[in-house]
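The values are calculated or read from the model by the stated rules, or taken from the named source; none is laboratory data. This is a predicted model, so every value here is computed, not measured. So basically every Cβ, Gly included, is an ideal-geometry build from the backbone, and we count neighbours across all protein chains shown. Just the protein is used for accessible areas: all its heavy atoms, side chains included, with ligands, DNA and RNA removed. Shrake-Rupley method; radii C 1.70, N 1.55, O 1.52, S 1.80 Å.
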Amino acid sequence: MHLFYLFWVLICGAIAQDPDNELEIARLACNRSVAKELRVSEEERCQLKALLDASGGSFSRPRVSLQFIGDSNGPSPAEWKSLNDEKLAENKELIDSILDPLQRERLRQIAYRVEISRVGLSEALFRGFLGKAVTLRSDRLAMLEVSAREIESKLASVCLDILCECRQSVFDQLLDYEQREIADKLLGKTFYFVEERLNGIRWSQHTLVEYVPSIPNPKSLLDTVPFALNRSVSKELGCSPQDVAILRNMFRKRGGSLATPSVAYRETPSSRPSMAEILTKHQQTIQEIKNELRSILSPSKENRLRELIYQIEICRVGWAEALEKGYLGQSIVLRREQKSRLDAVVLPIQRRAQKEIASATFEAQNIFFSKLDTEQQEKIRVNLGKPFYFVEDAF
């Protein structure tokens, strides 16, 4: 179910952070669900976020900006190291001022749970940081991995049932017949979306970064394509690993965006392209991109991707927000009396579904952990701590 995009992980370090690297995992404290678990205030979370941005997206590998006027040789290795060490010390000082030792230990446990959330239980245990901490016996690896994948498959089925029930409850208690018809057409069959951070696609200050793409207009193919790189989405669309690799390469070639691709021009100091030439080149590039996409996304896949974006919007912001202010709500226009009882009807349904999914997730993990020996179970207990339901956000 889950696969490591190993190449991008090696470059960006990205999908999961090493729990034993305090500077590396501190970025997780910028996540709202993590900050809430750690009891970090919103002001402190924003402080960490500002420092993270200033460091180029990593506390442990900070971006160091230098301006050398008239020095064509640039900084020496010693100067780079000195400035880098200075930046690392600055980062550590602020992090230590916000997170006490108990919070840092809890953050280390959370980092293992985030790894499970982002790459799946089997990948975390058999190829991830959690597996290194638990030290599985080689003679049982194959059997345990099969068991883990079976449990993950059953969990996905259970979660899908919960989402179907949640959707039906919202329809029954809030929408009229005509609105349900529109919603069914827009959403298609219910889909279990697994959030993850995408890596090596968007450029920031000339550095490949990880990010969660924001919700695009479902009707814009070029804006929705980044979600086809999500593993749960690509699986639902029936995209092969080769298709995903082609899409990743397209993003890399186009500067991280297919809707607003970077376009290369040949220019000299005395000859720069006119606005008309730039516009023509841009239109040609967009057409080339669309032609490339047609070889991967058939009309049926494109339509299904559109349906999934509406469902991902619900997953991200919830039914109430999606119906009142989201793209879904632009097509399903609620009456005034429906809006007046939106929160009272939808929020209890939504919270119940979230609680049931979290409970099913922890139960599935415990079933697998019970298959480990006593020593390994103790390592799991120490490294994971109490259950924590991680909610991905775009920071």
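Structure summary
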| quantity | calculated |
| --- | --- |
| For the chain: relative contact order, % (alpha-carbon pairs under 8 angstrom, 6 or more apart) | 23 |
| Rg over Rh, two decimals, the chain (C-alpha only, Kirkwood Rh) | 0.99 |
| Accessible area (Å², per residue) of region 141-181, counting only protein heavy atoms and a probe of 1.4 Å | 55 |
| Of K301/K386; K189/K339; K49/K339, pairs whose Cα-Cα distance is over 29 Å | K301/K386; K49/K339 |
| Heavy-atom accessible surface of region 348-395: percent carbon and sulfur, 1.4 Å | 53 |
| Order by protection proxy (mean Cβ within 10 Å, highest first), peptides 83-96, 163-176, 303-316 | 303-316, 163-176, 83-96 |
| Along each principal axis, Cα extent of region 40-189, largest first, Å | 70, 52, 37 |
| By average C-beta atoms within 10 angstrom, highest first, the peptides 369-378, 114-123 | 114-123, 369-378 |
| Mean Cβ neighbour count within 10 Å, used as a protection proxy, ranking 222-230, 187-195 highest first | 222-230, 187-195 |
| Accessible area per residue, Å², region 249-390 with all protein chains present, probe 1.4 Å | 58 |
